[in-house]
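The block underneath contains the structure these notes are about, expressed in structure tokens.
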């Protein structure tokens with residue numbers, strides 16, 4: 001009959017292997033999200049299209065799907081904004097948008113899913129599974145073993161490093 005610590009090692013190992021793929025996805029999307037305020041992974045897309053005529057400054061960004069669109073000036077029928085122009089009379093819009101490629105966008109969306117997204121259950125499962133991996137690691141070895149004692153030192157160092165990084 002396996003010991004409780006041997007059983008925990010088996011559960012821990014199997015769950016770790018099961019989560020390996022999703023952990024890789026979260027790692028990649030998390031790293032790329034660090035650069036979301038820069039253009040590191042973004043591609044530039046140029047659009048020329050006709051939208052409704054006479055749009056207000058407030059509704060223009062929503063229609064063009066440009067976040068935080070701010071009209072900088074208006075000369076005659078032409079509205080100017082950082083990304084391009086819009087002709088109020090004809091509805092002609094000429095603008096550029098920087099976006100991450102579709103696959104990376106999907107990965108990032110998974111990473112930062114909200115409760116309204118259908119994938120939020122996956123995030124909850126993943127978070128709980130990671131929490132299990134953390135907690136189960138303390139039951140893998142007996143507290144008197146040198147491996148456990150060394151693990152506690154590494155745990156303490158990880159907590160201290162996290163606190164230092166949070167408060168500097």
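The values are calculated or read from the model by the stated rules, or taken from the named source; none is laboratory data. Treat the numbers as computed from the prediction; the structure is a model and nothing was measured. Virtual Cβ from ideal backbone geometry, glycine too; neighbours counted across all protein chains shown.
Matching residues to (1) in contact with a helix residue (DSSP H, G or I) (Cβ under 6 Å, 6 or more places away or on another chain); (2) in contact (Cβ under 8 Å) with a residue 24 or more places away in the chain:
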| position | (1), (2) |
| --- | --- |
| 4 | no, yes |
| 8 | yes, yes |
| 14 | no, no |
| 57 | no, no |
| 85 | no, no |
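Among (1) part of a loop (DSSP other than H, G, I, E, B); (2) touching a helix residue (DSSP H, G or I) at 6+ places or on another chain (Cβ under 6 Å), where does residue 52 come up short? Among (1) part of a loop (DSSP other than H, G, I, E, B); (2) touching a helix residue (DSSP H, G or I) at 6+ places or on another chain (Cβ under 6 Å), the lone unmet condition for residue 52 is (2). With the structure loaded, tell me whether residue 94 is in the same structural domain as residue 22 (by TED's automatic domain parsing) and surrounded by 13 or more Cβ atoms within 10 Å (Cβ to Cβ) or whether it fails that test. No: the conditions fail for residue 94. Inclusion of residue 10 among residues that are in the same structural domain as residue 123 (by TED's automatic domain parsing) and surrounded by fewer than 14 Cβ atoms within 10 Å (Cβ to Cβ) is warranted.
Residue-level analysis places residue 146 among those that are out of contact with any helix residue (DSSP H, G or I) (no Cβ under 8 Å at 6 or more places or on another chain) and not assigned by TED's automatic domain parsing to the domain that holds residue 26. So is residue 26 closer than 30 Å to residue 132 by Cα, surrounded by 15 or more Cβ atoms within 10 Å (Cβ to Cβ) and touching a residue at least 12 places away in the same chain (Cβ under 8 Å) or not? The answer is yes for residue 26.
Return yes or no: is residue 89 outside the structural domain of residue 32 (by TED's automatic domain parsing), in a loop (DSSP other than H, G, I, E, B) and over 26 Å from the mean Cα position of the chain (by Cα)? It is true that residue 89 is outside the structural domain of residue 32 (by TED's automatic domain parsing), in a loop (DSSP other than H, G, I, E, B) and over 26 Å from the mean Cα position of the chain (by Cα). Determine whether residue 106 is part of a strand (DSSP E or B), within 30 Å of residue 21 (Cβ to Cβ) and under 25 Å from the mean Cα position of the chain (by Cα). Answer is no for this residue. The condition of being in the same structural domain as residue 50 (by TED's automatic domain parsing), farther than 26 Å from residue 41 by Cβ and in a helix (DSSP H, G or I) holds for only one of 60, 133, 163, that being 60. Tell me, yes or no, whether segment 21-40 has at least one residue that is touching a strand residue (DSSP E or B) at 6+ places or on another chain (Cβ under 7 Å), on the phi < 0 side of the Ramachandran plot and modelled with pLDDT of 90 or more. No, because not a single residue in segment 21-40 is touching a strand residue (DSSP E or B) at 6+ places or on another chain (Cβ under 7 Å), on the phi < 0 side of the Ramachandran plot and modelled with pLDDT of 90 or more.
With the condition kept exactly as written, say whether any residue in segment 66-79 is modelled with pLDDT under 95 and under 19 Å from the mean Cα position of the chain (by Cα). Yes, some residue in segment 66-79 is modelled with pLDDT under 95 and under 19 Å from the mean Cα position of the chain (by Cα).
Would you call residue 154 outside the structural domain of residue 25 (by TED's automatic domain parsing) and closer than 25 Å to residue 7 by Cα?
yes
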